[in-house]
Amino acid sequence: MNRVEAPGRVDGRTARAERTRAAIVEAHLALIAEGDLRPTGERIAERAGISLRTLWTNFKDMETLFEASGAEVLRQQDAAYRPISQALPLAKRVDAYCRQRARLLQLIAPSARAAQMREPVSDQLHRNRLKHIDRVRDEVEHLFAAELAHAGRGREQLLNALVAASMWPAWSMLRYGLGLGVDQARAVMSRTVGALLAEVATD
């Protein structure tokens, strides 16, 4: 005879599993934020207060953990994101956009640095990065739609340039390559984005 479990028992088990997975992701990101950019399964399990066996029961490998942690980073970005009005003059849109990008890039800095180390051998980390690119691309297309429309055949090139100037590799160069502070790096980003849009400005 097949055994049928009570709904409450199943729901409770599911809730516990979700809490365990959330604790693992939290531990993974916390270790990265503290400077351990390549935390081992043992370190993550210890930080989450679980056994290594429980870790690998919930995540079959590091790739699946990278997927869950990447989703949490995107969720944190979504929570911190504030829409910018298309009705603002170009200069104010550029300023607001770059201030927000700087804030969000600082938010993801630890995980972005960790991902940069492992992405060459991780398909999932590459997919995570593409999600960030798509989001920034969508924002740029929406916020600077009028200017992009005036770019004519150069629209795609302008769009790509704006996205590249707004992403982690450019921010990493400003912050860690050139050693600029957050405000200095943001000012450089604003100058770059503003200059790219200046030739097709419609304000």
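Each value in this text was obtained by applying a stated rule to the coordinates, not by laboratory testing. These numbers come from a predicted model, not from an experiment. Ideal geometry is used to build each Cβ from the backbone, glycine not excepted, and the neighbour counts take in all protein chains shown.
Figures for the structure shown
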{"read-out": "Identified option (computed Rg/Rh (Cα atoms, Kirkwood Rh); candidates (i) 1.09; (ii) 0.93; (iii) 0.96)", "value": "(i)"}
{"read-out": "Full-extension gain in nm, residue 18 to residue 81, via 0.36 nm per residue minus C-alpha separation", "value": "20.1 nm"}
{"read-out": "Efficiency of FRET between residue 198 and residue 46 - r from beta-carbon atoms, R0 41 angstrom, step 0.05", "value": "0.20"}
{"read-out": "Segment 41-140 shape via C-alpha gyration tensor axes, a/c threshold 1.5", "value": "prolate"}
{"read-out": "Extension gain, residue 91 back to residue 130 (0.36 nm per residue minus Cα-Cα distance, nm)", "value": "11.2 nm"}
{"read-out": "Extension gain from residue 145 to residue 164, taking 0.36 nm per residue of separation minus the Cα-Cα distance", "value": "5.1 nm"}
